[in-house]
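Quick notes on the structure that follows.
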Amino acid sequence: MNVPMSWLKEYAAVTAPVKEFIEDITLTGSKVEGVETMCGELKNIVTGQIKAIEKHPDADKLVVCQIDIGQERLLTIVTGAPNVKEGDYVPVALNHSVVAGGKEIVTGSLRGVESEGMLCSIEELGCDRHDFPEAPEYGIYIFPEPVELGKSVVDIMDLQDDVVEYEITSNRPDCFSVLGIAREAAATYQIPFQPPVIEVKEEADGNVADLISVEIKNPALCPRYVARAIKNVKIEPSPRWMRKRLRAAGVRPINNIVDITNYVMLEMGQPMHAFDVETIKDRKIIVRNANEGESIVTLDGVERQLNPSMLVIADTQKAVAIAGVMGGENSMISESAEAVLFESANFEGSNVRITAKKVGLRTDASSKFEKGLDPNLALDAINRAVQLVELLGCGEVVPGVVDNYPNRRESWELSYDPAWINRFLGTDISEKQMQEIFERIGLEVDPVNHKVVVPTFRPDLGAQADLAEEIARFYGYDKIEPTLAAGTPTVGKKTYAQNITTLVKDTMVAEGLCEAMTYSFESPKVFDKLLIDQDSKLRQTVTIANPLGEDFSVMRTVSFHGILNALSTNYNRRNESAGLFEVAKVYIPKALPVTELPDEIPTLTIGMYGKMDFYDIKGVVEHLMSVLGIGANAEYTTECTLPWMHPGRTAAVNIHGNNVGYVGELHPTVAKNYEIGTKAYLAVLNMNALIAASNLVNVYQPLPKFPAITRDIAMLVKEEVTVKDIADQIRKNGGAYLEDVKLFDVYQGEQIEQGCKSVAYSISFRSAERTLADTDVADAMQNILDGLAKELGAQLRDK
């Protein structure tokens, strides 16, 4: 935000030098990025009058001028300008002067004639024809009126001004204006803030309601739309004072009507736009969302494609402007325009920002709207604009205002506690001084009830802490005495879930695995590599709106694609074995299309290959369950429904009967798809379920006082009978003294009937009260054998 000091001083009479002002305004929160003096490089350029002109004796295109600069002796200056004549008043760069661009002018000989300086064009004074429309397109600048000779051109033409650049935070949209900075300066120096007095003279015939009507179809994106009209418009250059201020603020002057809208935007922070009334079909403005496939040619001559998420200003047939961004070429003001419609509206900031980004057009107006402007500013701004129209004599104001404001924004109250503010800031500021600061920044104070009324242009004030910040700003941060921090110190710590996650990672590392970190973005082609069915819910993904490419276009719903890629890389680089793990999230949409955030499920993924088998990776999982205190509650059952896993070598992992994941061998086809030329193994576990089931409370039991009785049994069972089924049957019929069941042998071979297998278990019995005799376990053993035979068809082997 660039603000000329001369403009600011019109509303706040700052007398401090610029350097001091910069320090003071920065300390009160309006950070200054820098200061630049307009035409500050111009040096030793004065006014002069051409007294005589002679042809150059040795050059056809040069002339020799005798210049009077108010001294006894005339200067001789050689020039090639075609537009000079005797009696003209011109800017003269003297010996050792500096013109725009930092170029130094010294006395020198031009084709044998000594020239004691240079006559300057408008460009050599750091300006152009937008600043001084009377300047010739080619040639020396000639003053339109006689001027005092020998005076500084910088002073005569009012070229210099200190322009301060501010870095304004996005929560202070009111400071994106000259008036906003002036209000801050007035509060800083405790001087009156004097905004312009707005008085509108409505001299034209008729009423604006007869010229235009306004309909807002989306009040959420356009809270307010104000329109006024001007008749008998005279399009011409703006006066010098306005052109200078616009140029200093970084805006190029164009003509009086356009310059007025830009001037009000800079002065009050309210972007405006002007339409030629004759271009508005049926004299009706409609604020609506763009139609699908609609386009508009903006004022920069570029055709831009629109979509229904964008807000446009339209008439009954076409869009005439992109709301908050730029007007359309089809409604621009021409020199023949007789009636002009001024627009002063308020648009929803985030929508303007997104629209500007989509159409690739960020303007001064859009940058202000996206900060979130005060809708109550719109009427004052448009009245200021028509006041300037009357002041510049470029039209007559039509009586009346069209003001469509369906949802009015009201000011709000905040309570404050002076004692709390002093404790919060570590200060001892009197209540009266606090009230005075509140009044300086434009708040209405109720000292009895300790309340303030916050004006709508201050959206950043929403809590007592914000009021305390205002007190600190204008009391002076440098006046606040350093104090020790008060309060009770606390010790940060991890949550239970974070501790369990850390324990899981430590356990994986202890098992010899390396932690991996893979992308959450994946390609939709991943599902084909994993043999996932076309109608599987896993293919229902969250799609990235602006992906880096197709390979990173969806959020993952399975956690192991990255791990398999890492295993493939290791295998193809001839690493004999690899073991990796990752704790990361999968993203499961609640519904499609996505209307709310997906479920983010943390998942432990383990991948291995090398000199190992199913029991190695199962052992890793069993050890993890033991570390988490849930080993006794974990069960492993056959899992055949996962298309990316080997159907006969995969087990579901259950805790308390609830599935928490699976462990097993990767399907050979999937391994081939990932170019892994050996058996690979995966384990995938739901971290939320592990955290919920974990039990880190250790329960200690005394060592047994009495010996155990052990019985070993070997039996033949069908091949499809799992060892879990056998162990469950033994425990079911083992009686009260059963202590442990251990599998110690599984055998299939020539001596075993085809389709069967031999399994052997060691069964332990123990009593905590006495030594057991053989008769104490005989009935239990018989029940076990009977149950195995009846339920599983097991045959006891004699040898």
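Quick notes
- Selection status of residue 551, over 30 Å from residue 185 (Cβ atoms), in contact with a Pro (Cβ under 9 Å, 6 or more places away or on another chain) and open to solvent by 80 Å² or more (accessible area, probe 1.4 Å): no
- Verdict on residue 379 being open to solvent by less than 40 Å² (accessible area, probe 1.4 Å), hydrophobic (A, V, I, L, M, F, W, C) and either under 30 Å from residue 339 (Cβ atoms) or part of a loop (DSSP other than H, G, I, E, B) (or both): no
- Taken together, 367, 350 contain a single residue that is out of contact with any Ser or Thr (no Cβ under 8 Å at 6 or more places or on another chain), farther than 24 Å from residue 254 by Cβ and outside any loop (DSSP other than H, G, I, E, B), which is 350.
- Segment 687-773 holds strands (runs of 3 or more DSSP E) entirely within its bounds, and those carrying 3 or more residues that are crowded, with 17+ Cβ neighbours inside 10 Å map to 709-718, 756-765.
- Within segment 330-364, the residues that satisfy the criterion of being crowded, with 20+ Cβ neighbours inside 10 Å and touching a Gly at 6+ places or on another chain (Cβ under 6 Å) are 347, 352.
- Residue-level check: of (1) under 26 Å from residue 509 (Cα atoms); (2) of a type outside the set (Ser, Thr, Tyr); (3) surrounded by fewer than 21 Cβ atoms within 10 Å (Cβ to Cβ); (4) in contact with a Gly (Cβ under 9 Å, 6 or more places away or on another chain), residue 621 misses just (3).
- Taking (1) modelled with pLDDT of 95 or more; (2) over 31 Å from the mean Cα position of the chain (by Cα) in turn, residue 312 satisfies each apart from (2).
- Counting only residues that are surrounded by 13 or more Cβ atoms within 10 Å (Cβ to Cβ) and not in a strand (DSSP E or B), segment 42-61 holds 3 of them.
- Note on segment 503-534: residues that are open to solvent by 80 Å² or more (accessible area, probe 1.4 Å), part of a loop (DSSP other than H, G, I, E, B) and more than 19 Å from residue 565 (Cβ to Cβ) amount to 2.
- Residues that are hydroxyl-bearing (Ser, Thr, Tyr), over 45 Å from the mean Cα position of the chain (by Cα) and open to solvent by less than 40 Å² (accessible area, probe 1.4 Å), drawn from segment 126-182: 141
- Members of segment 416-430 that are open to solvent by 70 Å² or more (accessible area, probe 1.4 Å) and either at pLDDT 95 or above or of a type outside the set (Asp, Glu) (or both): 420, 423, 424
- Meets criteria (out of contact with any Leu (no Cβ under 7 Å at 6 or more places or on another chain), under 22 Å from residue 670 (Cα atoms), exposed (fewer than 14 other Cβ atoms within 10 Å of the Cβ) and modelled with pLDDT under 95) for residue 616: no
- Condition check for residue 602: within 45 Å of the chain's Cα centre (by Cα) and not in a helix (DSSP H, G or I): yes
- Among (1) more than 30 Å from residue 267 (Cβ to Cβ); (2) of a type in the set (Gly, Ala, Ser); (3) touching a helix residue (DSSP H, G or I) at 6+ places or on another chain (Cβ under 8 Å); (4) surrounded by fewer than 15 Cβ atoms within 10 Å (Cβ to Cβ), the one test that residue 93 misses: (4)
- Scan segment 106-122 for residues that are part of a strand (DSSP E or B), closer than 25 Å to residue 134 by Cα and open to solvent by 10 Å² or more (accessible area, probe 1.4 Å) and the total you get is 1.
- Residues satisfying the stated conditions in segment 7-32, i.e. open to solvent by less than 50 Å² (accessible area, probe 1.4 Å) and assigned to a helix (DSSP H, G or I): 7, 8, 18, 21, 22, 24, 25
- Single match in 86, 36 (criterion: more than 21 Å from residue 155 (Cα to Cα) and exposed (fewer than 15 other Cβ atoms within 10 Å of the Cβ)): 86
- Residue that is nearest to the chain's Cα centre (by Cα), among those in segment 17-54 that are free of Cβ contacts under 8 Å to residues at least 24 places away in the same chain and more than 30 Å from residue 93 (Cβ to Cβ): 26
- Flag for residue 535 being acidic (Asp, Glu) and more than 24 Å from residue 672 (Cα to Cα): no
- Residue satisfying condition, being at negative phi, in contact (Cβ under 8 Å) with a residue 24 or more places away in the chain, of a type in the set (S, T, N, Q) and out of contact with any helix residue (DSSP H, G or I) (no Cβ under 9 Å at 6 or more places or on another chain), within set 658, 686: 686
- Unmet requirement for residue 537, which otherwise passes all of (1) under 30 Å from residue 647 (Cβ atoms); (2) surrounded by 18 or more Cβ atoms within 10 Å (Cβ to Cβ): (2)
- Condition broken by residue 311, with the remaining ones in (1) over 30 Å from residue 202 (Cα atoms); (2) surrounded by fewer than 16 Cβ atoms within 10 Å (Cβ to Cβ) satisfied: (2)
- Single residue of segment 456-473 satisfying the filter (within 27 Å of the chain's Cα centre (by Cα) and more than 11 Å from residue 414 (Cβ to Cβ)) that is most open to solvent (accessible area, probe 1.4 Å): 469
- Those residues of segment 192-217 which are in contact with a helix residue (DSSP H, G or I) (Cβ under 9 Å, 6 or more places away or on another chain), under 19 Å from residue 314 (Cβ atoms) and part of a loop (DSSP other than H, G, I, E, B), in sequence order: 212
- Residue within segment 631-642 that is acidic (Asp, Glu) and within 18 Å of residue 668 (Cα to Cα) present: yes
- Selection count where residues are part of a helix (DSSP H, G or I), open to solvent by 40 Å² or more (accessible area, probe 1.4 Å) and not hydrophobic (A, V, I, L, M, F, W, C), scope segment 382-407: 1
- Sole exception among (1) modelled with pLDDT of 90 or more; (2) over 20 Å from residue 438 (Cα atoms); (3) surrounded by 14 or more Cβ atoms within 10 Å (Cβ to Cβ) for residue 1, by number: (1)
- Considering residues of segment 62-78 that are touching a Cys at 6+ places or on another chain (Cβ under 8 Å) and in contact (Cβ under 8 Å) with a residue 40 or more places away in the chain only, the residue least open to solvent (accessible area, probe 1.4 Å): 77
- Lone unmet requirement of (1) open to solvent by less than 40 Å² (accessible area, probe 1.4 Å); (2) outside any loop (DSSP other than H, G, I, E, B); (3) not acidic (Asp, Glu) for residue 81: (2)
The values are calculated or read from the model by the stated rules, or taken from the named source; none is laboratory data. Keep in mind that this is a model prediction, so the values were computed, not measured. Note that we place each Cβ from the backbone using ideal geometry, even for glycine, and neighbour counts take in every protein chain shown. Each accessible area value is taken on the protein alone, full model and side chains, heavy atoms only, with ligands, DNA and RNA left out. Shrake-Rupley method; radii C 1.70, N 1.55, O 1.52, S 1.80 Å.
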